[in-house]
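The values are calculated or read from the model by the stated rules, or taken from the named source; none is laboratory data. Since this is a predicted model, take the numbers as computed values, not measurements. Neighbour counts are summed over all protein chains in view; Cβ atoms, including those assigned to glycine, are modelled from backbone coordinates with ideal geometry. Accessible surface is based on the protein model in full, side chains and every heavy atom, while ligands, DNA and RNA are left aside. Shrake-Rupley method; radii C 1.70, N 1.55, O 1.52, S 1.80 Å.
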Amino acid sequence: MKRILLIAAIVLAGTTVNAQEFEKMDKSTMDRAYFPPKSAHDRIFEKDAAKKAALTPQIRVTYSRPAKKGRVVFGELLKFGQPWRVGANESTEILFMNDVKFAGKDIKAGRYTIIIIPTEKEWTLKLNSDLDGWGNYGYEPSLDIASLSVPVTKSDKEIENLSIALYEASENTVHLKIGWDTTVAEFPITIK
């Protein structure tokens, strides 16, 4: 009897594992932006020790990249004055590998959620300590740790998919550049 129960348990366990389906591909693919740019890739192939050390990632942003698909993004799809998760699906997260300064505040190394409140002329970026959220559904303003407003600029080209880049604007200052549709905003981060 024990042998029959053991065989039945193995068969059922195998059936359960085989019955699992893979999730369908999401329409908004997940992506990452690094500072230094391409550091996650190029560092692996660098042979010179000093150059390899210089390519150690300092900042990483993980986000989903929704497409414009002919829609009016700012003011319609994303309402002015309303919090936006900066992408689709999971909340966008920024990881500082070292302490930084943002919006005049000292920010400890670690993971944070990025929330943007867009208006027609400026975006306000909020670093929030709540992690692993989905969209803005769990956004809690009381957990904001820093906030910075910057003017938006218009892109000459339409940006079909939300895009994020990190680049060195000046010594020890990295810009977090976010663009979608024809709107671009850049937020300075001071590397300590």
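So here's what we get for this one:
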read-out: Under DSSP loop assignment and at most 15 Cβ neighbours within 10 Å, longest chymotrypsin sites (Phe, Trp or Tyr not before Pro)-free interval of the chain; value: 23-79
read-out: Longest DSSP-loop-exposure-free segment, GluC sites (Glu not before Pro), the chain, at most 11 other Cβ within 10 Å; value: 24-75
read-out: 20 Å Cα-Cα threshold exceeded, pairs from Lys101/Lys157; Lys27/Lys69; Lys27/Lys68; Lys121/Lys157; value: Lys101/Lys157
read-out: Intensity falloff of the range 58-104 expressed as log10 I(q)/I(0), Debye formula with alpha-carbon point scatterers, at q = 0.17, 0.19 Å⁻¹; value: -0.67, -0.77
read-out: Extension gain (nm, one decimal) between Lys177 and Lys24, 0.36 nm per residue minus Cα-Cα; value: 52.1 nm
read-out: Between the range 147-173 and the range 83-117, the Cα center-to-center distance that results, in Å; value: 15 Å
read-out: Helical mean residue ellipticity (222 nm; -39500 (n - 2.57) per DSSP H run of 4+; nearest 500) of the chain; value: -5000 deg cm²/dmol
read-out: Cβ-placed point charges (K, R +1; D, E -1), dipole of the chain about Cα centre in debye, nearest 20; value: 500 debye
read-out: Table column - 3J(HN,Hα) (Hz), the range 78-91, Karplus curve with 6.51, -1.76, 1.60, x for Gly and Pro; value: 10, 6, 4, x, 9, x, 10, 6, 6, x, 9, 6, 4, 5
read-out: Most to least accessible of Leu166, Leu143 (protein chains only, probe 1.4 Å); value: Leu143, Leu166
read-out: Sparse-neighbour loop sites [trypsin sites (Lys or Arg not before Pro); the range 22-95; at most 12 other C-beta within 10 Å; DSSP]; value: Lys24, Lys27, Lys38, Lys47, Lys69, Arg71, Lys79
read-out: Square roots of 5 times each gyration tensor eigenvalue, C-alpha, the chain, largest first, Å; value: 36, 24, 18
read-out: Proximal aspartates and glutamates to Lys126, defined as alpha-carbon separation beneath 15 angstrom and excluding residues fewer than eight positions away on the same chain; value: Glu93, Asp106, Glu140, Asp144, Glu186
read-out: Theoretical FRET efficiency, 1/(1+(r/R0)^6), r = Cβ-Cβ of Glu158 and Lys51, R0 35 Å, to 0.05; value: 0.45
